[in-house]
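Here's the structure, in structure tokens; my notes come after.
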Amino acid sequence: MRTIAISGKGGTGKTTLAALIIRWLRDKGIERILAVDADSNVNLNDVLGVELRETVGAIREEMRVKVSSLPGGMTKQEFLGYKIHSSLVETADFDLIAMGRPEGPGCYCYANELLREILKTLGENYDFVVIDNEAGMEHLSRRTSQRIDDLLIVSDATPRGIVAAGRINRLIKELDTRVGKKYLVLNRVNSPPSSGLEEIIRKEGLELAGLVPEDKSLLDTDRSGKPAWPALAQSSAYKAVSKIMEKLI
């Protein structure tokens, strides 16, 4: 199993990039792909064109409420495993699971420990796991225990965006999160980065994996509310992501 995670500040196009990567993997003949929507603002399913049944966050809350009255004499772990597998959306191209809202006051810590183990086991059934992150990496250290092989930190081509990406890069080093290789991806760009921007990238200790152009067809699809999945392979962004993925894989 190889895990690819996408992170970055809000509005940088992380979800579309995740969908493009999933599409590229599928087009390369990879059949066992698990997409994980780890953003509390769940919308990867909309881009991929599938309907969610339930989120892991909602299951966790149900577990907290029903802990003393589980059905049919089921153990906590059996009930949680059943519910998580029931929430898995299976398609011919990929499977999808959504984490849902983040932990709040009074979170059910035992349930989260079980979630980490179940998600680790679930991931072992796939060749690739692609995680669409929310900004920052703290929730990954709380919710999952599997290694992240490739982390793509997404930014726009601005000094402020690059500095924010650098903060995420430094934050990862402070957390108990196992990350292999880390890369910067500049998204929605129309020209190569200036020498000044390249200098900021170097100062932030980031390795630039590639540039993804702003793609009008994908923007129009997003504005229309239609899923991007059918149009991804014909986009200029897909060609750019293909070059990035050929470097990684």
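A few remarks follow.
- The lone exception for GLY29 - which of (1) under 13 Å from the mean Cα position of the chain (by Cα); (2) surrounded by fewer than 13 Cβ atoms within 10 Å (Cβ to Cβ) it fails: (1)
- Filtered by the rule that a residue be touching a Lys or Arg at 6+ places or on another chain (Cβ under 9 Å) and either outside any helix (DSSP H, G or I) or at positive phi (or both), region 42-67 gives VAL42, GLY49, GLU54, THR55, VAL67.
- Every residue from region 212-237 that is surrounded by fewer than 19 Cβ atoms within 10 Å (Cβ to Cβ) and assigned to a strand (DSSP E or B): PRO213
- Residues of region 173-188 include at least one that is assigned to a helix (DSSP H, G or I) and either open to solvent by 40 Å² or more (accessible area, probe 1.4 Å) or hydrophobic (A, V, I, L, M, F, W, C) (or both).
- Given (1) surrounded by fewer than 20 Cβ atoms within 10 Å (Cβ to Cβ); (2) modelled with pLDDT of 75 or more, number of the condition GLY100 does not satisfy: (1)
The values are calculated or read from the model by the stated rules, or taken from the named source; none is laboratory data. It should be emphasised that the depicted structure is a prediction, and the values quoted were computed from it without experimental measurement. Here Cβ is always computed from backbone atoms with ideal geometry, including for glycine, and neighbour counts include all displayed protein chains. All accessible areas refer to the heavy atoms of the entire protein, side chains included, with ligands and DNA or RNA removed. Shrake-Rupley method; radii C 1.70, N 1.55, O 1.52, S 1.80 Å.
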